[in-house]
Amino acid sequence: MDDYDLLDTASGNALVTAIDHGLSLGATEGFRDPEATLRSVLDGDPDAILVGPHFARRYRELIANAGVDVVVTADIVTNSTRPGFDDGHDVWTPGFDPELLLELEPVGVKVVLVFGRDDRQLFRRNLSYIAEMAEQLRGTDVPLVVEPVMWGERVPAELETHPEYVARAARMAWEYGADILKLPYTGDVETFEPIVEHSPVPVMILGGPKSGTTAAMLTDVDGAIASGARGIMIGRSIWKTEDPTAVISALDRIIHERASVDAVWSE
Amino acid sequence: MDDYDLLDTASGNALVTAIDHGLSLGATEGFRDPEATLRSVLDGDPDAILVGPHFARRYRELIANAGVDVVVTADIVTNSTRPGFDDGHDVWTPGFDPELLLELEPVGVKVVLVFGRDDRQLFRRNLSYIAEMAEQLRGTDVPLVVEPVMWGERVPAELETHPEYVARAARMAWEYGADILKLPYTGDVETFEPIVEHSPVPVMILGGPKSGTTAAMLTDVDGAIASGARGIMIGRSIWKTEDPTAVISALDRIIHERASVDAVWSE
Amino acid sequence: MDDYDLLDTASGNALVTAIDHGLSLGATEGFRDPEATLRSVLDGDPDAILVGPHFARRYRELIANAGVDVVVTADIVTNSTRPGFDDGHDVWTPGFDPELLLELEPVGVKVVLVFGRDDRQLFRRNLSYIAEMAEQLRGTDVPLVVEPVMWGERVPAELETHPEYVARAARMAWEYGADILKLPYTGDVETFEPIVEHSPVPVMILGGPKSGTTAAMLTDVDGAIASGARGIMIGRSIWKTEDPTAVISALDRIIHERASVDAVWSE
Amino acid sequence: MDDYDLLDTASGNALVTAIDHGLSLGATEGFRDPEATLRSVLDGDPDAILVGPHFARRYRELIANAGVDVVVTADIVTNSTRPGFDDGHDVWTPGFDPELLLELEPVGVKVVLVFGRDDRQLFRRNLSYIAEMAEQLRGTDVPLVVEPVMWGERVPAELETHPEYVARAARMAWEYGADILKLPYTGDVETFEPIVEHSPVPVMILGGPKSGTTAAMLTDVDGAIASGARGIMIGRSIWKTEDPTAVISALDRIIHERASVDAVWSE
Amino acid sequence: MDDYDLLDTASGNALVTAIDHGLSLGATEGFRDPEATLRSVLDGDPDAILVGPHFARRYRELIANAGVDVVVTADIVTNSTRPGFDDGHDVWTPGFDPELLLELEPVGVKVVLVFGRDDRQLFRRNLSYIAEMAEQLRGTDVPLVVEPVMWGERVPAELETHPEYVARAARMAWEYGADILKLPYTGDVETFEPIVEHSPVPVMILGGPKSGTTAAMLTDVDGAIASGARGIMIGRSIWKTEDPTAVISALDRIIHERASVDAVWSE
């Protein structure tokens, strides 16, 4: 069930660079010139990039020429009604039509599943949407990637990567229809490995806002892969660095060749 | 009207083990490793298992090889927007498409009917959904199993299995379209028998959270069958025990052979 | 326009016994054993019974063998989210699909039109639903029976049968699409006759909760028929009595033969 | 674009008597016996009557025999959830299906556009509905008549016919899709003429609640026609009078023959 | 991807005069006589006019004879439920059917994207609508013009043209599906040029309420074109002037011939 093109690599893992942030943040620091950021990412030769469908359309030729696959984001989530601001509540809505998404020949379609909201109706719509999207993609060979996150007001920030929360959220995400999970990393192999093992669908990890050093991020990725994760979908920790191409190369060696962090990176 | 495959057993009764809890609880105590729990249940050889549709997809081969049928859960109900928590209000939403459900060749499709909610609009949608789902399944040979429960805030916990509530709820459930009822057991034959007798559709019982001993649960099941119930759809009281396979075997003898509780179980 | 099967009797009137109460009350006093109540009603040989569609399905053969027609209820209305309780506000929702309803070969489809609600949005949906249902049935020979009632919080109980309210409500009901009206009786010929005369569609009367004696009910029916009404759709005042069969017989003689109340009933 | 059947008269103007009030007021003073009111109106031989679609169905033969056309009302608007009452807020909802409306072979379909409501969501639905109905009728030869009115709580009663309000509302109504406007008359030619002149679609005037004398109403109609209006859709000021037939005759001479008010009426 | 008819001019730029204000303002100062305003605009021979679809229908021949293209507005936005008033909150709703819009053979379809609203649900619908409309137009050669504006209560008026807001809003607009952006001008080339450069889709500028002199407006347009913008969609600063035809001529020389403001205008 999981011989998806996305994971059809020599290692069976996939390095996906997320550059779909324009959908939620607009023109943001480090990503104001979309073509420049795209080029620096493509230069690193990731297996795929995660992009909005219209981003994929606008730069279709550039991406195709680089021989990089696309995973497309199907929903829209911002954190304010003001452009690119964060007012503490997500504004989530179904976004793009499956016909548009599939016309882009993606290797995956990505949606979020936001836990912890005060707005129960929005949560219900989010659940239904995942089930619907799973049904839309069933029968195609394009997997539905679900990203369960604890962004809601009812989950304190420090619990967003707590193993108990992540384990539960992961289970719910594939019970609702995920073919691949994009999970928060719990921080260590000991807690993450059972989550991966108990999942009948492949697990990848997300990045979140760039917070620490590149080395720390690489260490997390190394731990995730060691836990059995099949790759990453990380954005800001790549393109907010000084040399995205170099970071992707380092990630590539960890993810595909299981090189050690020390072997691939020194600050 | 009730020669459904599900009840087409030698005794005319059916033992269904419910393992659809991932939909609402996520990875929960006793069910963190879904394949392990599934295997321990299949080893007991129940007539069918109650599962979410994507659970059925992921473990389709394993289930088929065990020769066990599936009843699929069509809606999603959790008790919080936080993953697997209980904040005292159900978050209910229509879940999965009938096409997906039927593609799994189930012997039943299961939905809840939650009474007692403060949220009247949600209750209305629940009613409409049952009527719609009944219509979707009409003309197939797959029965609609409706589980009327008193989970809402307006019904005190101690009344959730009260005969008057259960009788009314049962009647409403089949008037709205149930082909089979999954009812709370009222606790004794005296009160449950008339409910079963007054129902033109087969009655099965649910388990609820594991609260007492296995022997107590078996005694309830024995009473339900003695009342005319055609079987059970019980989960936690099975897979939260130390030996689910043994519990299922004991249930099997009570349900199909009308063995006594004493004959099949000693703690 | 009104040569409906329902009214195609020797007298041109119809006696319909309403036994669709399970939809709103669940298992209720006097109607806990649905088959027993159904049999006692069928024994009286009414022209038709008013039932929920799934009730009609479950007892189809029994009803057909009795040679009694069915009018089916298309919507769901309860007075609480608790099963069969009355919390003072109606919970109304569109219920059953026209395809299901028509498959039952009914001689009428019945819906309510609830006036006086505080919830204006629900009222709007009720209005739209009647218009839609009328359109669904147009072109079939199945009439839409609309029952305009003053159940909302904004109409005091003592005005629910006031001639001015009934007259206005009746007019609105057929302007929205009713083919037949099921009206509250105003209590006397003087006030009810003009309402019937001013209606271009046939009028029948409803019963309401059994409140008085059978003789009083029969007197009301006699008055309604004298006012030009074409029959009744009454339930509780029939099946809550000791001998429903006898009450139906008495009603039959009043409605079809215009016998006097004294001639057909003595307590 | 405006050679509609409705305006295809010798004068190019049309006299439409509105008798669709049962939709909002139920059985109301002066219109309790719908057939009697209809006959008294038809006797006056107006060019058309404005009616609800089911009214048109019920009295189809009578209307057809009189050789009078129908304009049908497509939406439902009442002013209370109580039947025919006015609680100060309109309850508006889309009503009847275009298929039903067109099956009646109308010379126009009429909807309201209510300005000034506190309920912004209802206003939005009203706007969308007009645009949708215009699209449904495009390609038929049936014009959409939009009646923009200032009934909402936010417009004081004395401004409901203010030229500035009427001019703006008229413009918006045809920008949203009206083929013909049914406007409040502003009270004098000086202010009404520019509104008519600036409209690319024909203008007719509405009546409103009967408030003054018939002579005053006729004077208003005369002023409207003098301003370039192409006719009227007036109800209560006609059928609430003692002799509707006579009032219609008087209107006919003013509208079609441009007779003076004095020539056609003396109280 | 951007060889749209709209921009297929000698200069590659386009001068669009916006006269769709009747949709939101009704009959407004300077635009009370729609035909007169239209004629004065057509006399200036802009490349296209921005109009509501029914405006385009009513004056189709006049516009076609002038050889001027149309961009049509697809949604409805007013600022009050009172006609043409501004109560400080936008009332936005999807308006016109793509079939109607395309039947008018437009060179563009225009919608707004309003940032800063308190009403999050309305914002969500706005986002979804843009995505849907983009999908409806995909495969036609008609570009979707999105106008991202900061009208909501949460953005102070002085920030509506702030470069950071405009940059973010622009990015979001094309990520959601815009083929062409209609942006607020930030006031100087220094800040506007990077916004244009970072956009993979053509940028045009909007006008906003006429606030300054015509010379000031022309200077802004000149700056926008110097920044790489491909033209304008400006209304009130044109038709609220004494001589719209002359203003359009001046704009034409700036936009197409890159004449200086001084060369084309002196007050």
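Among the listed residues C:L122, C:L144, identify the single one that is crowded, with 19+ Cβ neighbours inside 10 Å, in contact with a strand residue (DSSP E or B) (Cβ under 8 Å, 6 or more places away or on another chain) and within 20 Å of D:V77 (Cα to Cα).
Working: C:L144 fails: within 20 Å of D:V77 (Cα to Cα).
Sole residue among the options that is crowded, with 19+ Cβ neighbours inside 10 Å, in contact with a strand residue (DSSP E or B) (Cβ under 8 Å, 6 or more places away or on another chain) and within 20 Å of D:V77 (Cα to Cα): C:L122.
When you scan the stretch B:240-254, do you find a residue that is more than 20 Å from B:P194 (Cα to Cα), touching a helix residue (DSSP H, G or I) at 6+ places or on another chain (Cβ under 8 Å) and among the basic types (K, R), even just one?
Looking through the stretch B:240-254, at least one residue is more than 20 Å from B:P194 (Cα to Cα), touching a helix residue (DSSP H, G or I) at 6+ places or on another chain (Cβ under 8 Å) and among the basic types (K, R).
What's the total number of residues in the stretch E:43-79 that are over 14 Å from the mean Cα position of the chain (by Cα), at the interface with chain D (Cβ under 8 Å from one of its Cβ atoms) and of a type outside the set (V, I, T)?
The qualifying residues number 5.
List pairs: first in the stretch D:93-105 and more than 18 Å from C:S128 (Cα to Cα), second open to solvent by less than 10 Å² (accessible area, probe 1.4 Å) and part of a helix (DSSP H, G or I), Cβ under 8 Å, 6+ apart or cross-chain?
D:L104/D:P53; D:L104/D:A56
Any residue in the stretch A:81-92 that is among the β-branched types (V, I, T) and under 20 Å from A:G177 (Cβ atoms)? Spell out the reasoning first.
Pass one, the stretch A:81-92, residues among the β-branched types (V, I, T): A:81, A:91.
Going one step further and asking which of them are under 20 Å from A:G177 (Cβ atoms), we end up with none.
The answer is no, given that none of the residues of the stretch A:81-92 is among the β-branched types (V, I, T) and under 20 Å from A:G177 (Cβ atoms).
Tell me, which strands (runs of 3 or more DSSP E) wholly within the stretch C:1-116 include 1 or more residues that are open to solvent by 10 Å² or more (accessible area, probe 1.4 Å) and in contact with a helix residue (DSSP H, G or I) (Cβ under 8 Å, 6 or more places away or on another chain)? Step through it out loud before you land on a result.
On the way: elements: C:14-18, C:48-51, C:69-73, C:75-78, C:91-94, C:108-114.
Hits in the stretch C:1-116: C:69-73, C:75-78, C:91-94.
Of all residues in the stretch B:162-189, how many are closer than 24 Å to B:D141 by Cβ, in contact (Cβ under 8 Å) with a residue 24 or more places away in the chain and at the interface with another protein chain (Cβ under 10 Å from one of its Cβ atoms)? Walk me through how you get there before you give the answer.
Taking the stretch B:162-189 as the starting set, the residues that turn out to be closer than 24 Å to B:D141 by Cβ are B:170, B:173-183.
This time we only want the ones that are in contact (Cβ under 8 Å) with a residue 24 or more places away in the chain, so: B:170, B:173-174, B:176-183.
Now restrict to residues that are at the interface with another protein chain (Cβ under 10 Å from one of its Cβ atoms): B:170, B:173-174, B:176-179.
Going through the stretch B:162-189 one residue at a time, the tally reaches 7.
Quick check on this structure: which one of B:R230, B:R253 is in contact with a Pro (Cβ under 6 Å, 6 or more places away or on another chain) and open to solvent by 40 Å² or more (accessible area, probe 1.4 Å)?
Working: B:R253 fails: in contact with a Pro (Cβ under 6 Å, 6 or more places away or on another chain).
Exactly one of B:R230, B:R253 is in contact with a Pro (Cβ under 6 Å, 6 or more places away or on another chain) and open to solvent by 40 Å² or more (accessible area, probe 1.4 Å), namely B:R230.
Checking the structure you have, find out if any residue of the stretch D:167-184 is out of contact with any Gly (no Cβ under 9 Å at 6 or more places or on another chain), at pLDDT 95 or above and among the β-branched types (V, I, T).
no
Among the residues of the stretch B:126-160, write down those that are within 8 Å of chain C (Cβ to nearest Cβ) and either in a helix (DSSP H, G or I) or hydrophobic (A, V, I, L, M, F, W, C) (or both).
Looking only at the stretch B:126-160, we keep the residues that are within 8 Å of chain C (Cβ to nearest Cβ), and these are B:127-128, B:131-132, B:134-135, B:138, B:148, B:150, B:152, B:154-155.
Within the stretch B:126-160, B:L127, B:S128, B:A131, B:E132, B:A134, B:E135, B:M150, B:V155 qualify.
Does the stretch D:233-246 hold any residues that are open to solvent by 10 Å² or more (accessible area, probe 1.4 Å) and either of a type in the set (A, V, I, L, M) or within 12 Å of D:D188 (Cα to Cα) (or both), and which are they?
D:A246, the sole residue that qualifies.
Out of all the residues in the stretch A:242-267, which are acidic (D, E) and more than 21 Å from A:D43 (Cβ to Cβ)?
From the stretch A:242-267, those acidic (D, E) are A:242-243, A:252, A:257, A:262, A:267; that's our starting set.
Scanning the stretch A:242-267 gives a single hit, A:D262.
Quick one: would you say D:G177 is within 29 Å of E:R58 (Cα to Cα) and buried (at least 22 other Cβ atoms within 10 Å of the Cβ)?
Numbers: within 29 Å of E:R58 (Cα to Cα): yes; buried (at least 22 other Cβ atoms within 10 Å of the Cβ): yes.
Here the answer is yes, as D:G177 does meet what is asked.
Quick one: how many residues across the stretch A:28-42 are within 14 Å of another protein chain (Cβ to nearest Cβ) and touching a residue at least 24 places away in the same chain (Cβ under 8 Å)? Spell out how you get there, then give the answer.
In the first step, residues of the stretch A:28-42 are kept if they are within 14 Å of another protein chain (Cβ to nearest Cβ); the result is A:28-39.
From the residues that got through so far, the ones that are touching a residue at least 24 places away in the same chain (Cβ under 8 Å) too are A:28-31, A:34-35, A:37-38.
Of the residues in the stretch A:28-42, 8 are within 14 Å of another protein chain (Cβ to nearest Cβ) and touching a residue at least 24 places away in the same chain (Cβ under 8 Å).
Among the residues of the stretch B:232-255, is any more than 30 Å from B:E135 (Cβ to Cβ), in contact with a strand residue (DSSP E or B) (Cβ under 7 Å, 6 or more places away or on another chain) and not hydrophobic (A, V, I, L, M, F, W, C)? Lay out the reasoning, then the answer.
As a first pass, look at the stretch B:232-255 and keep what is more than 30 Å from B:E135 (Cβ to Cβ): B:236-255.
Subsequent filtering for residues that are in contact with a strand residue (DSSP E or B) (Cβ under 7 Å, 6 or more places away or on another chain) retains B:238, B:248, B:251-252, B:255.
If we keep only those that are not hydrophobic (A, V, I, L, M, F, W, C) as well, we get B:252.
Checked the stretch B:232-255: at least one residue is more than 30 Å from B:E135 (Cβ to Cβ), in contact with a strand residue (DSSP E or B) (Cβ under 7 Å, 6 or more places away or on another chain) and not hydrophobic (A, V, I, L, M, F, W, C).
Can A:T191 be described as open to solvent by 10 Å² or more (accessible area, probe 1.4 Å), of a type in the set (S, T, Y) and touching a Gly at 6+ places or on another chain (Cβ under 9 Å)? Talk me through it step by step, then tell me what you get.
On the way: open to solvent by 10 Å² or more (accessible area, probe 1.4 Å): yes; of a type in the set (S, T, Y): yes; touching a Gly at 6+ places or on another chain (Cβ under 9 Å): no.
So A:T191 does not fit the description; no.
For the stretch D:198-218, state whether one or more residues are β-branched (V, I, T) and within 8 Å of another protein chain (Cβ to nearest Cβ). If you could, list the steps in order and put the result at the bottom.
Looking only at the stretch D:198-218, we keep the residues that are β-branched (V, I, T), and these are D:201, D:203, D:205, D:213-214.
With within 8 Å of another protein chain (Cβ to nearest Cβ) added as a condition, the list becomes D:201.
Yes: the stretch D:198-218 contains one or more residues that are β-branched (V, I, T) and within 8 Å of another protein chain (Cβ to nearest Cβ).
The values are calculated or read from the model by the stated rules, or taken from the named source; none is laboratory data. No experiment lies behind these values; they were computed from the predicted model shown. A quick note on method: Cβ atoms are made from the backbone with ideal geometry, for glycine too, and the neighbour counts reach across all protein chains shown. Heads up: the accessible areas ignore ligands, DNA and RNA and are worked out on the full protein's heavy atoms, side chains in. Shrake-Rupley method; radii C 1.70, N 1.55, O 1.52, S 1.80 Å.
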